Amino acid sequence: MAKLLAPGGTTEMAMAVLDEGADAVYVGPYGWSWRQSAFELRDAEIKEVCKAAKARGREVRAAFNTYLHSTEIPQLLKKVEKYVEWGVSGLLMSDIGSIALVLTHFPSLEIHTSVGCAIINVEEIRFYREIGAKFIVLPYNLTVEEVAELKRAVDVGIEIFLFQPLHEGILCPGKCAMSSYLAARRSVDAEGKDHFLGSASRGGSCRRVCRARWNFTIDDGPYPDEVELKEDANLLLWDLPGYILQAGVEYLKIQGRERSVPLVRDIVRFYRKVVDSILASPGEISMERFALEWQELRTRWEHEREKRAGLLISETTKLEHFSR
C-alpha cells in the first residue's frame, strides 16, 4: 500500500502533516540534511515530533542525507541511537559508507536512499539494495512503465516524488555542485559539526543558481535564444493511479520543508484524499474530479517556488558578488 511521506520543516509543519493524514513525516536534524538550518529541527523538536507521531500510529524518518567527514561519524551514530530510542524508524541517507555503518549498529532501521544519491539506473538500485537500503528514491523523469520495469528487475521498495515526469529539460538532483562554487561559507557549531552554507551535500541548501538568468555568447556575440538551465517539475495527478496500482510504489514523497505550512498542509490533505480514493477503487478511477483543486495547488506551489528561488539567487549574488 502506498504511503504518503510528508515534510516537517518546522515542528508546526510536522504536526500539521500528521493531522492531515500523512503516513510518515521526515525531518532534518540540524546541520545534517539537505536544507538550510531554518528548515531543520533541533533534537528536542524531533523528540516532540516522535511523540506526536507515535500517538497517531505514524512513522518518523530523519534525513541524514549529507556527505560526512570522518570526524562526524561518531556524532552520527550518537544521534541515530537517540532518535531510535525516541521512535524514529527510518533514515533518508546519501553517504554509502554511512548507510552500511548505520545498519551494522541499527539493523532494524529502514533506510531510504536520498535524492543526493542521484540514482538513475537499475544497477545503482541493485547496489544500494545490496548494502541494505530498503527504499530507493527515483528521479522525477521516470514514467509509470519505467518505474514498473525497475520494480520487476530488483526486489526493492520504491519511493517517488509527487511530481510529474519531465519530458523536456534536464533535472539531475544530487549531481549538481554549482552552489558550492558560488556561495561557499563554513561555520562550526558548539558540538563540532561543520555547517557548509554553499552545498546541500554538506548541510547547506541548493542556492537555485541554475534558475538565474544566464547570458551565453557565441563567436563573441549573444546567443540568439533564451537559455534556461533547468525545467522544474510540478505536482503530479494524472499518472498517480498508475504509479500506485501498476508500478506498486511504496512511498509517495511530498517535498516542501521550505514551503509555507498552509500550503504543505493543503497538499497533504489533497493527496490523502486522492490516494485513498485510488486505493478504494477496484478498477480505473478518473482524476478529473480532482483537477480543479490540483490546479489551484499547482499555482500556489509555483508561486512559492519562484519566490523562494528568487530569494536564494539574490542572497547568492550578494554573498559572492556573482554576476549572471
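Rule-based calculations on the coordinates, nothing more; no lab input. Since the model is a prediction, treat every value here as computed from it, not as a measurement. We place every Cβ from the backbone using ideal geometry, glycine too, and count neighbours over all the protein chains shown.
Using the Cβ-Cβ distance between residue 191 and residue 12 with R0 set to 30 Å, the FRET efficiency from 1/(1 + (r/R0)^6) comes to roughly 0.75. A full extension of the chain between residue 273 and residue 78 corresponds to an added length of 66.4 nm, given 0.36 nm per residue minus the alpha carbon distance.
Taking 56 Å as R0, compute the FRET efficiency from the Cβ-Cβ separation of residue 217 and residue 108 and round it to 0.05. Once the sixth-power term is evaluated, E becomes 0.50.
Backbone amide hydrogens, once placed in the peptide plane, bring residue 3 within less than 5 Å of 251, 252, excluding anything fewer than 5 places away on its chain. A Cβ-based charge dipole, computed about the Cα centre of region 235-279 with Lys and Arg at +1 and Asp and Glu at -1, lands at about 220 debye. Distance from a point 7 Å along Cα→Cβ of residue 48 to each backbone N in region 69-89: keep the residues under 20 Å and list them by number. Residues 82-89 qualify, since their backbone N sits under 20 Å from the label point. Sorting 243-251, 13-21 by their mean Cβ neighbour count within 10 Å, with the most densely packed peptide first, gives 13-21, 243-251. The mean sequence separation of alpha-carbon pairs under 8 Å and at least six residues apart, normalised by the residue count of region 5-123, gives a relative contact order of 21 percent.
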